[in-house]
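Here is the structure we will look at.
The values are calculated or read from the model by the stated rules, or taken from the named source; none is laboratory data. Given the structure is predicted, the values throughout are model-derived calculations rather than measurements. Methodologically, a virtual Cβ is constructed for each residue, glycine included, from the backbone with ideal geometry; neighbour enumeration extends over all protein chains shown.
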Amino acid sequence: MRQLLLGSITLCFVTLVATQARGNSPEQTVLSAADILREQTTIPASRIPEALLAEAHGVAIIPNVFKIGFVAAFRRGRGVVMVREPNGAWSLPAFITLTGGSVGWQAGVQGTDVVLVFTTKKSVDGLMSGKFTIGADASASAGPVGRNASAATDARFKAEILSYSRSRGLFAGVALDGSVIDMDPVAWQTFYGVPAGQAPTQIPQSALNLVQEITNLSSTSRVAAPGTVVTETPLVDAGPVPQPIVATPREQLAVQAKGLFALLDDEWRKYLALPPEVFSGTNPPTLAALQESLSRYNRVVQNPSFESLYSRPEFQNTYAKLRDYAEKRAQQGTPALALPPPPGAK
């Protein structure tokens, strides 16, 4: 009987992993995180205190963390983290994964949303530096809920990370000691179109909406005592939400090519070189020069020997931007038809 139960749970676990891998695109993760923040204001008695969010140095949101276990439980989820910048504004969402386990007599599979509030700059810096273990790299505890500002203040002094889970719209403190958070550079590349560590040339609207949600929540009124609402200026000015930066096709191609060339040796950089006008100058490259470069990229893609190169996202993104730019230059270069005036025109 026990073997049957373990087999069933294992099958559920494999199914969940496959489902999450297919369904949790970076875009969907950002949209789900925004939904969680919006819903955090719906039930005043069971929500993360505004006082904590107003003074937080960072907030991580991991939608639909699934847990499966019998004796030993396993957690896994993908989410985003936003960090308070020195000027008080919130950063664009960066992508993370959460993996952890706990030991105890528990059985079954469940999914829940997790929110982590980072109360110190040290804890945020540790997270952004790479792999991070809750409880080991920073002290953590289950966070308080409701509008009790004094409880929020006490909690802030006791832990560097306050952790919450959300089920059926209700937030509750949860212990996540031992869970590991990793930065996810692949999701950043997929979502923003540039390698991790580079500023995006174009910001998706869903990311701007999420920044606006956390800005609103971290700049709201606070409760000083039961029944007494004190409205005050936030401790830091979150500043305006950045507007989308729309780069030209040439600028987008230049950004992607620089990421690709960083992986290549001199011989390959020379072979896949683009016209110098792509990177500098006011005059665009000629269509003939772009088509010559594109023909070399085509030859790489058509040769299975170079699969390790053309399967890389850096190559794929550069190749796509090169095709797009060459197509636009071809359209721009089409001369107008030399026709006489329309019939009846004076």
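What to note about this one:
- Every residue from segment 251-274 that is among the hydrophobic types (A, V, I, L, M, F, W, C) and touching a Leu at 6+ places or on another chain (Cβ under 9 Å): Leu253, Ala254, Ala257, Leu260, Phe261, Leu263, Leu264, Trp268, Leu272, Leu274
- Of all residues in segment 166-200, those that are modelled with pLDDT under 85 and surrounded by 21 or more Cβ atoms within 10 Å (Cβ to Cβ) total 4.
- Of residues in segment 94-120 being hydroxyl-bearing (Ser, Thr, Tyr) and part of a strand (DSSP E or B), the one modelled with the highest pLDDT: Thr97
- The residues on offer are Gly239, Gly281, and the sole one that is at pLDDT below 85, under 25 Å from the mean Cα position of the chain (by Cα) and either surrounded by 12 or more Cβ atoms within 10 Å (Cβ to Cβ) or at positive phi (or both) is Gly239.
Table: residues versus (1) outside any helix (DSSP H, G or I); (2) modelled with pLDDT under 90; (3) closer than 14 Å to Gln252 by Cα.
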site	(1), (2), (3)
Tyr297	no, no, no
Phe306	no, no, no
Glu314	no, yes, yes
Asn317	no, yes, yes
Leu322	no, no, yes
Ala330	no, yes, no
Pro335	yes, yes, no
Pro342	yes, yes, no
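- Any chance Ala224 is of a type in the set (A, V, I, L, M) and either at pLDDT 70 or above or in a loop (DSSP other than H, G, I, E, B) (or both): no
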